1. Between Met277 and Thr517, what FRET efficiency follows from the Cβ-Cβ distance if R0 is 56 Å, with the result rounded to 0.05?
2. Please compute the length gained on full extension between Glu185 and Lys575, using 0.36 nm multiplied by the number of residues separating them and subtracting their Cα-Cα distance.
3. Calculate one ³J(HN,Hα) per residue across the stretch 512-526 by plugging θ = phi - 60° into the Karplus curve 6.51 cos²θ - 1.76 cosθ + 1.60, and present them in order as whole Hz with x for glycine and proline.
4. Using a cut-off of under 19 Å, list every residue of the stretch 31-58 whose amide N is near the label point 7 Å from the Cα of Arg206 along the Cα-to-beta-carbon line.
5. If DNA, RNA and ligands are ignored and the probe is 1.4 Å, what is the ranking of Asp351, Asp229 by accessible area, most exposed first?
6. Can you give the accessible area of Leu291 in Å² (nearest 10), computed on protein heavy atoms with a 1.4 Å probe?
7. Taking θ as phi - 60°, what are the ³J(HN,Hα) couplings along the stretch 184-198 by the Karplus curve (6.51, -1.76, 1.60), each to the nearest whole Hz, with x for Gly and Pro?
8. At a probe radius of 1.4 Å, what is the per-residue accessible area of Phe265, in Å² to the nearest 10?
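The values are calculated or read from the model by the stated rules, or taken from the named source; none is laboratory data. Computed from a prediction, not measured in an experiment: that's the story for all the values here. All Cβ positions, glycine included, derive from the backbone under ideal geometry; neighbour counts span all protein chains shown. Side chains included, ligands, DNA and RNA excluded: accessible areas come from the protein's heavy atoms. Shrake-Rupley method; radii C 1.70, N 1.55, O 1.52, S 1.80 Å.
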Amino acid sequence: MGSFLQIKIYRHKFIAYVIFVVAIGLTLGTLTCAMLLNQWVGNARIEAANAFSRVENELQYDADRIEAYMQRIYSNTGLMDDARSFLSSSAEGYLTSRLQNSQFSQPLVSFPEDVKTYLYSWAQGEITQISLHTDQYGNVVRFNDNGIASFAFGLPNTDDTFHDTIMKGFVYRKKLSDPTLGSQEFGELRFLVSSEQIFKSVQSFRLGNAAAVSPSGDIYLIGNGEDQDLEELSRLAAANGRSYGFISRGALKHIFFVSIPSTKFNFKFVSIIDLYMLIRQHAGMLITIFLIVLAAMISVLLLIAYNMRDDALFLRRIIQSIGRVKMANFTPNRPARYRRNEYGMIARELDDMIQQLDKHIRNEYLLKIKQQETEMKALQHQINPHFLYNTLEVIRSTALVNQDRDTADAIATLGTLYREIVKQENIISIASELELLQKYLEIMEFKYPERFYYQVNVEPTLLSIPTVKFWMQPLAENFFIHGFNANHEFNLYVVNGFEAEDRYVLEFVDNGRGIPTERLNSVRSTLSNHDDASSNSIGLRNVYTRLHFFYGNNFSIEIENNKEAGVKISVRISKEVIEHVQTDDCG
C-alpha cells in the first residue's frame, strides 16, 4: 500500500489529501456538534417556556379562584357579616361579635372555615395564608402542609408576616366593601399564594437550574437549596435584559440562560443551563459522532491510498513502455489492467501503440497489397447510376402493364428523387428543396396508405430563397423514426412557410409522439453549444451544421412540443443574410 510514497509527487499529494480530509472531517464534526448543541439549547428554551407557562397558568388559576371567592362573599350575607366580625383585634372580640350578630333562625357561618374549604382545598394547598386588614392591623388565617389552620389577630400591617417576598409567595389584594352601606370599604383581603407550592409543579420539567428573581434581587431557587453561585448567575441573567443568551465564567465555564418576565407579578423566571454539564449528559451521542467521522476519514484516506497505489503502478508501466520503445523492443507484453482514468488509459494506449507498431512494421508490405486489392474490388462493384435508373424504369413499366398505377407512381417518384439527390449541385432554392421533400412524403404516403397525410403551405415569397440541398428530408425522417405511429389512423405532417417583419420562418409540425422533457433539453443544449460529440441526434445536428455554415449566425432552429401532440421545428432565417447570400450568388 505504501509503495506509492516512494514517488515524490504522490507523497506530496497524499500528505495534501490527509490534511484536506482531516480538515473536512474536523469541520463536519464541529458543525454537527454545534448543530446538536444548538438543538439541545433550543430544547432547553422550549422546556423553560413550557415550565413558565405552567407557572403562569397556576397563578391565573389561583387568581380566578380568588375572584370567584370574592363573588361568593358578596353573595352570602352571613359570610360577609362573619368576615366583618373577623376584623376584630382579638380572637375574643371575633367570637363575641359573631355571637352578637348571629340569629337563632339562621345557621352560624364561619369565615375561616369557608376560606379553608373554598380556597385552600380547592386551590390544592397553593393559597396558604389569607389575611384581613384594617388601616392599622391585620388578622391572619394560616394553613400548614396538612391543612390545619392557625390564627393571629391584631398584627401590625408592618409585621414581617405581611412582608411581600418572593421567598414566601405572591400576594393578591382585594378591597372588601359592604353593599348595604353604599359599597363603603371596611377592609382589605390579602391572599398569599405559596412560592413553594407554585414552583413545585414545574420540578418535573428538564430545566437544569431554575429560579424566580424579583426586581429587588430576591431569589427563589426552584428545586435547589441555597447556592450562592446559582443565585449570582440568576441575578446576572435577570439583569441582562435579553430573553436568552450566554454568560461566561472563565475559560471553561459557559452558561446558557433563559429569562422570561411574568405577566401576572413583578418577577422573572430564569433557567440556567451549564453547557459543560449539557455536553456531559449527551457524551454518548458525541462520542458516536466522533467515531463515525473518524471512520469516514479513515475510509476516505484508504480509498485515496488504494487509488494512488494503482496510479503509481500505471505510471511505472508507462515509464517501462517508453523505455521499451526507445530500445526498439516491440515484443508483446502482458496487457495493462484497464482503468477509467488518465494513467490507466495512457498505459493501455501505449501497450496498444507498441503492438500496432509491431504489426505495422511486420506487415506493412502485405497491408499495402491488401489495400490495393480492396480498392480494385470496390471499383469493380460500383453501381452505375444509369443502370439503376433503367432498372427502376423497367419495374415502373411492368407495374403500368399490370395496371398497378400506385406502384408505378411510387417507383417514378423514387427514381426522380434519386436523380435529384445525386446531382452535383449543392445550392438550390427553397422551392426545389420543397419538391424533394414532397417526393419523399409521397413515397411515405404510398408506404402508409390512409394512415399518413401531409400539407405544404409556403408563401411564394419564400420559394426563391437560396438554401443548401437536402436538409428538409432528414427532419421528416425524424418524424417517421421517432414520432410516427403506424397504428394511428391519422398521422399528419405539415410544412408552413411565411414572411415575418425581419425574417423568413419555416415550420415543420407533426401530431406524433412528443419528445420527453429531459431529451428535449439535451437536444436544445447540444444545438446551442455547438456540441458535436455529445449529440445522439446526428441527422438534426447535420442539418443544423449545414444551415449554420450557409446562413451564419443570422439563422436559428427552435424545437418544442405542441400542446396537443407532436413536435414543432421552427427554422428562422434573417432577411439580412438572405440579401447577402443572393448578392454573393449574383456575383
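1. 0.50
2. Numbers: separation 390, 0.36 × 390 = 140.40 nm, distance 10.18 nm.
Full extension from Glu185 to Lys575 adds 130.2 nm.
3. x, 6, x, 9, x, 4, 5, 5, 4, 5, 5, 5, 4, 4, 4
4. 33-54
5. My answer, sorted largest first, is Asp229, Asp351.
6. Ignoring ligands and nucleic acids, Leu291 comes out at about 100 Å².
7. 6, 6, 10, x, 10, 9, 10, 10, 9, 9, 5, 5, 4, 6, 5
8. Only protein atoms counted, so the area is about 40 Å².
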